Amino acid sequence: MTGAALLPLAEAQQRLLALARPTPIVALPLGSCIGHCLAEPLTAARLQPAADLSAMDGYAIRWADLPGPWAIIGESAAGRQFDGMVRPGEAARISTGAIVPEGADTILVQEDAARRGDALRLTGDGPPHQGAHIRSAGHDFEPDTLLAPAGTPIDARLIALAAMAGHGTLPIHRRVRVAILSTGDELVAPGDPLPSPAHIPASNGAMLAGMLARWPVDAALPPIVPDRIDAVAEALAAQSDADVIITTGGASVGDHDLIQPALARVGGSVDFWRIAMRPGKPVMVTQLGKSIVVGLPGNPVSAFVTAHMLVLPLLRALLGASEVLPQTRELLAGSPFPAVGNRQDFVRAQIVDGAIHPLGNQDSGALHALSQADALAIRPANAPGAATGDPVACMMLSPEA
Ligand code: AMP
Ligand code: MG
(Lines give C-alpha, C1' and ligand atoms only; values in the text may rest on other atoms or scores of the structure.)
(Ligands and ions follow the chains in the order given, each with its own letter.)
Protein backbone atom coordinates (compact mmCIF):
# COMPACT_ATOMS: atom_id res chain seq x y z
CA MET A 1 0.00 0.00 0.00
CA THR A 2 3.02 2.22 0.58
CA GLY A 3 3.55 2.56 -3.14
CA ALA A 4 -0.09 3.35 -3.92
CA ALA A 5 -0.73 6.49 -5.95
CA LEU A 6 -1.47 9.60 -3.95
CA LEU A 7 -5.13 10.59 -3.92
CA PRO A 8 -5.95 14.18 -4.95
CA LEU A 9 -7.48 16.06 -2.01
CA ALA A 10 -10.69 16.86 -3.90
CA GLU A 11 -11.23 13.13 -4.44
CA ALA A 12 -10.45 12.35 -0.81
CA GLN A 13 -12.98 14.97 0.26
CA GLN A 14 -15.65 13.50 -2.00
CA ARG A 15 -15.01 9.97 -0.72
CA LEU A 16 -15.12 11.13 2.88
CA LEU A 17 -18.29 13.15 2.37
CA ALA A 18 -19.93 10.17 0.67
CA LEU A 19 -19.73 8.40 4.05
CA ALA A 20 -21.41 11.26 5.94
CA ARG A 21 -25.00 10.69 7.05
CA PRO A 22 -26.36 13.76 8.84
CA THR A 23 -27.16 13.12 12.51
CA PRO A 24 -30.84 12.61 13.46
CA ILE A 25 -33.18 15.59 13.27
CA VAL A 26 -34.44 17.10 16.51
CA ALA A 27 -36.38 20.29 17.33
CA LEU A 28 -34.33 22.79 19.32
CA PRO A 29 -35.52 26.02 20.97
CA LEU A 30 -34.47 29.03 18.90
CA GLY A 31 -32.00 30.27 21.50
CA SER A 32 -29.95 27.07 21.24
CA CYS A 33 -29.82 26.85 17.45
CA ILE A 34 -26.79 29.06 16.75
CA GLY A 35 -24.16 27.19 14.74
CA HIS A 36 -26.56 24.46 13.64
CA CYS A 37 -27.98 24.24 10.12
CA LEU A 38 -31.63 24.05 9.14
CA ALA A 39 -32.50 20.38 8.75
CA GLU A 40 -35.65 21.30 6.83
CA PRO A 41 -36.64 24.35 4.80
CA LEU A 42 -37.87 27.26 6.92
CA THR A 43 -41.28 28.46 5.81
CA ALA A 44 -43.42 31.25 7.18
CA ALA A 45 -46.32 30.21 9.39
CA ARG A 46 -47.84 33.69 9.33
CA LEU A 47 -48.34 36.90 7.38
CA GLN A 48 -45.84 39.61 8.37
CA PRO A 49 -46.88 42.25 9.08
CA ALA A 50 -50.30 40.77 9.74
CA ALA A 51 -51.97 44.15 9.04
CA ASP A 52 -50.97 47.57 7.72
CA LEU A 53 -48.82 49.03 10.50
CA SER A 54 -47.45 52.49 11.15
CA ALA A 55 -43.67 52.82 10.83
CA MET A 56 -43.64 56.10 12.79
CA ASP A 57 -45.22 57.82 15.75
CA GLY A 58 -47.78 60.33 14.48
CA TYR A 59 -51.32 60.46 13.14
CA ALA A 60 -53.21 58.20 10.78
CA ILE A 61 -54.94 60.42 8.23
CA ARG A 62 -56.54 60.32 4.80
CA TRP A 63 -54.22 61.56 2.04
CA ALA A 64 -57.16 63.36 0.42
CA ASP A 65 -57.59 65.50 3.55
CA LEU A 66 -54.21 67.20 3.32
CA PRO A 67 -53.33 69.88 4.32
CA GLY A 68 -55.82 69.41 7.20
CA PRO A 69 -56.88 70.46 9.80
CA TRP A 70 -58.20 67.30 11.48
CA ALA A 71 -60.21 66.24 14.49
CA ILE A 72 -58.55 63.48 16.53
CA ILE A 73 -60.98 60.64 17.20
CA GLY A 74 -58.85 58.21 19.21
CA GLU A 75 -55.60 56.31 19.40
CA SER A 76 -54.15 53.18 17.82
CA ALA A 77 -51.31 51.92 20.01
CA ALA A 78 -48.97 48.94 19.48
CA GLY A 79 -50.61 45.80 20.79
CA ARG A 80 -54.04 47.40 21.10
CA GLN A 81 -56.36 47.42 18.15
CA PHE A 82 -58.33 50.62 17.45
CA ASP A 83 -61.81 49.76 16.29
CA GLY A 84 -62.85 53.23 15.09
CA MET A 85 -62.97 54.39 11.48
CA VAL A 86 -61.14 57.48 10.24
CA ARG A 87 -63.66 59.57 8.25
CA PRO A 88 -63.03 62.71 6.16
CA GLY A 89 -61.47 65.43 8.32
CA GLU A 90 -60.53 62.96 11.06
CA ALA A 91 -57.21 61.60 12.34
CA ALA A 92 -56.19 58.96 14.87
CA ARG A 93 -53.14 59.20 17.08
CA ILE A 94 -50.88 56.26 16.17
CA SER A 95 -47.66 54.79 17.51
CA THR A 96 -44.95 52.81 15.72
CA GLY A 97 -46.07 49.24 15.13
CA ALA A 98 -49.77 50.02 15.68
CA ILE A 99 -52.44 49.03 13.17
CA VAL A 100 -53.48 51.75 10.71
CA PRO A 101 -57.21 52.24 11.39
CA GLU A 102 -59.75 51.66 8.69
CA GLY A 103 -60.28 54.69 6.49
CA ALA A 104 -56.75 56.10 7.00
CA ASP A 105 -54.17 55.58 4.26
CA THR A 106 -51.18 57.73 5.26
CA ILE A 107 -49.17 58.58 8.39
CA LEU A 108 -48.49 62.19 9.30
CA VAL A 109 -45.36 62.07 11.48
CA GLN A 110 -45.74 63.87 14.78
CA GLU A 111 -42.80 66.20 14.04
CA ASP A 112 -44.88 67.67 11.18
CA ALA A 113 -48.00 68.35 13.22
CA ALA A 114 -49.24 70.36 16.20
CA ARG A 115 -52.00 69.12 18.44
CA ARG A 116 -54.19 71.18 20.77
CA GLY A 117 -56.77 69.08 22.55
CA ASP A 118 -58.44 67.09 19.79
CA ALA A 119 -57.52 69.56 17.09
CA LEU A 120 -54.60 68.74 14.81
CA ARG A 121 -52.94 70.91 12.18
CA LEU A 122 -50.07 70.56 9.76
CA THR A 123 -46.87 72.42 10.71
CA GLY A 124 -44.20 70.76 8.59
CA ASP A 125 -43.94 69.39 5.05
CA GLY A 126 -46.38 66.56 5.71
CA PRO A 127 -46.20 63.07 4.23
CA PRO A 128 -44.38 62.85 0.90
CA HIS A 129 -46.94 60.55 -0.77
CA GLN A 130 -50.08 58.58 -0.18
CA GLY A 131 -49.28 55.53 1.97
CA ALA A 132 -46.21 57.19 3.53
CA HIS A 133 -44.81 55.52 6.68
CA ILE A 134 -47.08 52.49 6.40
CA ARG A 135 -45.67 48.96 6.44
CA SER A 136 -48.24 47.18 4.36
CA ALA A 137 -49.57 43.77 5.40
CA GLY A 138 -47.34 40.96 4.12
CA HIS A 139 -44.60 43.22 2.80
CA ASP A 140 -41.93 41.16 4.62
CA PHE A 141 -43.38 37.70 3.98
CA GLU A 142 -46.62 35.83 3.45
CA PRO A 143 -47.69 32.47 4.90
CA ASP A 144 -45.84 29.53 3.30
CA THR A 145 -43.09 31.76 1.88
CA LEU A 146 -39.84 29.77 1.71
CA LEU A 147 -37.60 31.84 3.98
CA ALA A 148 -34.45 29.70 3.86
CA PRO A 149 -33.63 26.29 2.35
CA ALA A 150 -32.51 23.24 4.33
CA GLY A 151 -28.79 23.37 5.02
CA THR A 152 -28.68 27.10 5.79
CA PRO A 153 -26.40 27.88 8.75
CA ILE A 154 -28.46 29.36 11.57
CA ASP A 155 -27.25 32.79 12.61
CA ALA A 156 -28.86 35.48 14.75
CA ARG A 157 -30.75 36.92 11.76
CA LEU A 158 -32.27 33.57 10.89
CA ILE A 159 -33.31 33.07 14.52
CA ALA A 160 -35.11 36.44 14.50
CA LEU A 161 -36.74 35.60 11.18
CA ALA A 162 -37.89 32.20 12.44
CA ALA A 163 -39.38 33.80 15.55
CA MET A 164 -41.25 36.39 13.48
CA ALA A 165 -42.39 33.67 11.11
CA GLY A 166 -44.15 31.96 14.00
CA HIS A 167 -41.64 29.34 15.15
CA GLY A 168 -40.36 28.68 18.66
CA THR A 169 -38.11 25.77 17.69
CA LEU A 170 -36.21 24.78 14.58
CA PRO A 171 -35.48 21.34 13.14
CA ILE A 172 -31.73 20.75 13.31
CA HIS A 173 -29.37 17.80 13.21
CA ARG A 174 -28.31 16.94 16.73
CA ARG A 175 -24.84 17.79 17.98
CA VAL A 176 -22.04 15.69 16.55
CA ARG A 177 -20.13 13.49 19.00
CA VAL A 178 -16.44 13.63 18.32
CA ALA A 179 -13.63 11.83 20.10
CA ILE A 180 -10.09 13.14 19.67
CA LEU A 181 -7.37 10.53 20.25
CA SER A 182 -3.75 11.68 20.41
CA THR A 183 -1.30 8.82 19.97
CA GLY A 184 2.42 8.76 20.64
CA ASP A 185 4.84 7.58 23.35
CA GLU A 186 6.55 10.96 23.25
CA LEU A 187 3.43 12.95 24.12
CA VAL A 188 2.76 14.59 27.47
CA ALA A 189 -0.46 16.43 28.34
CA PRO A 190 -0.10 20.23 27.86
CA GLY A 191 1.36 21.87 30.97
CA ASP A 192 2.61 18.60 32.51
CA PRO A 193 6.36 18.24 33.18
CA LEU A 194 8.32 16.62 30.36
CA PRO A 195 10.29 13.62 31.70
CA SER A 196 13.06 13.92 29.07
CA PRO A 197 14.05 15.84 25.93
CA ALA A 198 12.52 12.96 23.98
CA HIS A 199 9.09 14.04 25.16
CA ILE A 200 6.95 16.85 23.73
CA PRO A 201 3.72 18.52 24.79
CA ALA A 202 0.70 17.07 22.97
CA SER A 203 -0.63 20.10 21.14
CA ASN A 204 -2.93 18.44 18.60
CA GLY A 205 -5.73 17.46 20.95
CA ALA A 206 -6.17 20.95 22.38
CA MET A 207 -5.88 22.48 18.90
CA LEU A 208 -8.53 20.21 17.43
CA ALA A 209 -10.85 20.70 20.39
CA GLY A 210 -10.39 24.44 19.87
CA MET A 211 -11.21 24.19 16.17
CA LEU A 212 -14.40 22.30 16.97
CA ALA A 213 -15.48 24.52 19.85
CA ARG A 214 -17.45 26.90 17.65
CA TRP A 215 -19.46 24.07 16.15
CA PRO A 216 -22.35 22.18 17.76
CA VAL A 217 -20.00 19.37 18.65
CA ASP A 218 -19.51 17.44 21.88
CA ALA A 219 -15.81 16.68 21.88
CA ALA A 220 -14.28 14.03 24.13
CA LEU A 221 -10.55 14.25 24.73
CA PRO A 222 -9.47 10.96 26.36
CA PRO A 223 -5.94 10.56 27.76
CA ILE A 224 -2.99 10.25 25.37
CA VAL A 225 -2.71 6.79 23.84
CA PRO A 226 0.71 5.08 23.93
CA ASP A 227 2.24 3.48 20.83
CA ARG A 228 1.05 -0.06 21.57
CA ILE A 229 -1.33 -1.74 19.18
CA ASP A 230 -3.52 -3.08 22.00
CA ALA A 231 -3.71 0.36 23.62
CA VAL A 232 -4.67 2.03 20.34
CA ALA A 233 -7.23 -0.69 19.56
CA GLU A 234 -8.71 -0.37 23.04
CA ALA A 235 -8.89 3.42 22.79
CA LEU A 236 -10.66 3.17 19.43
CA ALA A 237 -13.11 0.56 20.68
CA ALA A 238 -13.94 2.71 23.72
CA GLN A 239 -15.30 5.46 21.45
CA SER A 240 -17.93 3.40 19.66
CA ASP A 241 -20.56 6.04 20.55
CA ALA A 242 -18.76 8.77 18.64
CA ASP A 243 -19.99 9.90 15.25
CA VAL A 244 -16.42 10.83 14.39
CA ILE A 245 -13.16 9.63 15.89
CA ILE A 246 -10.19 11.81 15.02
CA THR A 247 -6.79 10.31 15.65
CA THR A 248 -3.49 12.11 15.34
CA GLY A 249 -0.09 10.53 14.95
CA GLY A 250 0.81 7.02 13.96
CA ALA A 251 -0.68 7.43 10.51
CA SER A 252 2.48 6.80 8.52
CA VAL A 253 4.21 3.52 7.89
CA GLY A 254 6.91 3.61 10.56
CA ASP A 255 7.29 0.74 13.02
CA HIS A 256 5.39 2.76 15.60
CA ASP A 257 2.58 3.84 13.27
CA LEU A 258 -0.16 1.72 14.65
CA ILE A 259 -3.41 3.37 13.65
CA GLN A 260 -3.95 1.20 10.61
CA PRO A 261 -3.20 -2.18 12.26
CA ALA A 262 -5.16 -1.16 15.36
CA LEU A 263 -8.15 -0.25 13.20
CA ALA A 264 -7.88 -3.58 11.44
CA ARG A 265 -7.82 -5.34 14.81
CA VAL A 266 -11.10 -3.74 15.92
CA GLY A 267 -12.81 -4.43 12.62
CA GLY A 268 -12.31 -1.25 10.61
CA SER A 269 -11.22 -1.22 6.99
CA VAL A 270 -9.18 1.70 5.78
CA ASP A 271 -10.78 3.54 2.86
CA PHE A 272 -7.78 5.57 1.79
CA TRP A 273 -4.75 6.87 3.42
CA ARG A 274 -2.35 8.89 1.31
CA ILE A 275 -3.37 12.26 -0.07
CA ALA A 276 -1.47 14.38 -2.57
CA MET A 277 -1.18 17.36 -0.28
CA ARG A 278 1.61 19.07 1.61
CA PRO A 279 1.63 19.16 4.51
CA GLY A 280 -0.60 16.24 5.33
CA LYS A 281 0.14 13.24 3.17
CA PRO A 282 -0.69 10.41 5.59
CA VAL A 283 -4.42 10.64 6.22
CA MET A 284 -6.75 7.70 6.53
CA VAL A 285 -10.47 7.31 6.68
CA THR A 286 -12.15 4.26 8.10
CA GLN A 287 -15.67 3.22 8.96
CA LEU A 288 -15.68 1.57 12.34
CA GLY A 289 -19.13 0.48 13.43
CA LYS A 290 -21.24 3.62 13.13
CA SER A 291 -18.23 5.89 13.57
CA ILE A 292 -16.15 7.51 10.88
CA VAL A 293 -12.49 7.48 11.87
CA VAL A 294 -10.30 10.19 10.37
CA GLY A 295 -6.65 9.46 11.01
CA LEU A 296 -4.66 12.67 10.80
CA PRO A 297 -0.89 13.06 10.72
CA GLY A 298 0.89 13.81 13.97
CA ASN A 299 2.81 16.84 12.79
CA PRO A 300 0.91 19.77 14.23
CA VAL A 301 0.72 21.86 11.05
CA SER A 302 -0.26 18.80 9.03
CA ALA A 303 -2.97 18.02 11.55
CA PHE A 304 -4.21 21.61 11.36
CA VAL A 305 -4.37 21.70 7.57
CA THR A 306 -5.92 18.26 7.17
CA ALA A 307 -8.48 19.03 9.87
CA HIS A 308 -9.54 22.14 7.92
CA MET A 309 -9.68 20.25 4.63
CA LEU A 310 -11.31 17.03 5.81
CA VAL A 311 -12.60 17.06 9.38
CA LEU A 312 -14.47 20.38 9.26
CA PRO A 313 -16.16 19.53 5.93
CA LEU A 314 -17.19 16.18 7.42
CA LEU A 315 -18.65 17.88 10.49
CA ARG A 316 -20.56 20.37 8.37
CA ALA A 317 -21.95 17.47 6.33
CA LEU A 318 -23.00 15.62 9.51
CA LEU A 319 -24.72 18.81 10.66
CA GLY A 320 -26.60 18.97 7.37
CA ALA A 321 -24.89 22.07 5.98
CA SER A 322 -25.39 22.79 2.30
CA GLU A 323 -21.89 24.30 1.90
CA VAL A 324 -19.26 22.06 3.43
CA LEU A 325 -15.95 22.67 1.69
CA PRO A 326 -13.67 25.52 2.79
CA GLN A 327 -14.16 28.80 0.97
CA THR A 328 -11.19 30.25 -0.87
CA ARG A 329 -10.65 33.62 -2.45
CA GLU A 330 -8.05 34.91 -4.81
CA LEU A 331 -5.39 37.36 -3.65
CA LEU A 332 -2.46 38.70 -5.61
CA ALA A 333 1.00 37.48 -4.65
CA GLY A 334 2.97 40.20 -2.89
CA SER A 335 6.18 38.20 -3.30
CA PRO A 336 7.07 35.07 -5.30
CA PHE A 337 5.78 31.60 -4.38
CA PRO A 338 8.00 28.62 -5.23
CA ALA A 339 7.15 25.98 -7.81
CA VAL A 340 5.08 23.10 -6.42
CA GLY A 341 6.05 19.42 -6.42
CA ASN A 342 3.62 16.58 -7.06
CA ARG A 343 1.42 17.38 -4.05
CA GLN A 344 -1.02 20.29 -3.69
CA ASP A 345 0.73 22.80 -1.44
CA PHE A 346 -0.81 24.63 1.51
CA VAL A 347 1.54 27.52 2.09
CA ARG A 348 1.38 29.42 5.36
CA ALA A 349 1.12 33.01 4.22
CA GLN A 350 0.64 36.54 5.47
CA ILE A 351 -1.46 39.32 4.02
CA VAL A 352 0.27 42.69 3.81
CA ASP A 353 -1.65 45.58 2.25
CA GLY A 354 -4.03 43.11 0.65
CA ALA A 355 -1.29 41.05 -1.03
CA ILE A 356 -0.31 37.51 -0.03
CA HIS A 357 3.27 36.61 0.97
CA PRO A 358 4.62 33.13 1.82
CA LEU A 359 6.08 32.85 5.31
CA GLY A 360 9.72 31.78 5.56
CA ASN A 361 9.22 28.75 7.77
CA GLN A 362 7.05 26.10 6.10
CA ASP A 363 8.06 23.22 8.38
CA SER A 364 5.11 20.99 9.19
CA GLY A 365 5.94 21.16 12.87
CA ALA A 366 6.43 24.93 13.12
CA LEU A 367 3.53 26.22 15.18
CA HIS A 368 4.93 29.71 15.71
CA ALA A 369 5.02 30.30 11.95
CA LEU A 370 1.53 28.80 11.63
CA SER A 371 0.24 31.16 14.29
CA GLN A 372 1.54 34.12 12.30
CA ALA A 373 -0.24 33.09 9.10
CA ASP A 374 -3.33 34.98 7.97
CA ALA A 375 -4.14 32.48 5.25
CA LEU A 376 -3.20 29.21 3.65
CA ALA A 377 -2.22 29.87 0.05
CA ILE A 378 -3.39 26.82 -1.88
CA ARG A 379 -1.16 26.01 -4.83
CA PRO A 380 -1.99 23.19 -7.28
CA ALA A 381 0.28 20.19 -7.65
CA ASN A 382 3.03 20.70 -10.26
CA ALA A 383 2.29 24.44 -10.56
CA PRO A 384 5.22 26.61 -11.63
CA GLY A 385 6.34 29.35 -9.25
CA ALA A 386 3.95 32.29 -8.83
CA ALA A 387 5.44 35.71 -9.53
CA THR A 388 4.59 38.88 -7.65
CA GLY A 389 1.19 40.04 -8.91
CA ASP A 390 -0.03 36.55 -9.89
CA PRO A 391 -3.38 35.45 -8.43
CA VAL A 392 -3.18 32.86 -5.66
CA ALA A 393 -6.15 30.96 -4.14
CA CYS A 394 -6.25 31.52 -0.38
CA MET A 395 -8.17 30.10 2.52
CA MET A 396 -8.44 32.76 5.20
CA LEU A 397 -7.52 31.79 8.72
CA SER A 398 -10.02 33.59 10.86
CA PRO A 399 -9.06 34.38 14.46
CA GLU A 400 -10.96 31.24 15.51
CA ALA A 401 -9.11 28.98 13.02
P1 AMP B 1 3.66 10.45 13.80
O2 AMP B 1 2.56 10.66 12.77
O3 AMP B 1 3.18 9.70 14.98
O4 AMP B 1 4.87 9.85 13.16
O5 AMP B 1 4.08 11.88 14.31
C6 AMP B 1 4.70 12.83 13.45
C7 AMP B 1 5.28 13.96 14.27
O8 AMP B 1 4.24 14.63 14.95
C9 AMP B 1 6.25 13.52 15.34
O10 AMP B 1 7.27 14.48 15.42
C11 AMP B 1 5.40 13.54 16.59
O12 AMP B 1 6.17 13.74 17.75
C13 AMP B 1 4.47 14.72 16.34
N14 AMP B 1 3.22 14.58 17.05
C15 AMP B 1 2.44 13.49 17.08
N16 AMP B 1 1.35 13.71 17.80
C17 AMP B 1 1.41 14.96 18.27
C18 AMP B 1 0.58 15.78 19.09
N19 AMP B 1 -0.56 15.33 19.58
N20 AMP B 1 0.99 17.03 19.36
C21 AMP B 1 2.14 17.50 18.85
N22 AMP B 1 2.95 16.79 18.06
C23 AMP B 1 2.61 15.53 17.77
MG1 MG C 1 3.85 8.72 16.51
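How far is helix 9-19 tilted off the main Cα axis of the chain, in degrees rounded to 10, range 0 to 90? Here the helix axis deviates by roughly 70 degrees. Cα extents for segment 143-182 along the principal axes, largest to smallest and rounded to whole angstrom: 50, 16, 14. Treating segment 40-97 as a set of equal point scatterers at the Cα positions, no solvent, please give the Debye-formula log₁₀ I(q)/I(0) at q = 0.19 Å⁻¹. Debye intensities relative to I(0), on a log10 scale: -0.71. Surface composition of the chain: carbon plus sulfur atoms hold 53% of the accessible area, using a 1.4 angstrom probe and ignoring ligands, DNA and RNA. Every pair of different Cα atoms in segment 53-135 enters the Kirkwood calculation, which places the hydrodynamic radius at 11.9 Å.
Kirkwood radius, segment 37-195, all distinct C-alpha pairs, inverse of mean reciprocal distance: 19.3 Å. 3J(HN,Hα) couplings calculated from phi for segment 211-217 with the Karplus curve 6.51 cos²θ - 1.76 cosθ + 1.60 (θ = phi - 60°) are, in sequence order, 5, 8, 4, 8, 9, x, 10 Hz; Gly and Pro show x. Using a cut-off of 12 Å between beta-carbons, work out the net charge of the residues near residue 338 (Lys and Arg +1, Asp and Glu -1, residue 338 not included). Combined, the nearby Lys, Arg, Asp and Glu give +1. Close amide H pairs (under 5 Å, H built 1.01 Å from N) link residue 90 with 71, residues at least 5 positions away or on another chain.
Computed over the chain, the P(r) curve from all C-alpha pair distances, binned at 20 Å from the origin, holds 23, 37, 21, 16, 3 percent per bin. Rolling a 1.4 Å probe over the protein heavy atoms gives the chain an accessible area of 47 Å² per residue. Counting only trypsin sites (Lys or Arg not before Pro) that DSSP places in a loop and that have at most 16 other Cβ atoms within 10 Å, the longest clean stretch of the chain runs over 47-213. Note on segment 329-396: Cα convex hull, mean projected area over all directions, 4.0 nm².
The values are calculated or read from the model by the stated rules, or taken from the named source; none is laboratory data. Source: prediction; values computed, not measured. Virtual Cβ from ideal backbone geometry, glycine too; neighbours counted across all protein chains shown. In case anyone asks, the SASA skips ligands and DNA or RNA and just uses the protein heavy atoms, side chains included. Shrake-Rupley method; radii C 1.70, N 1.55, O 1.52, S 1.80 Å.
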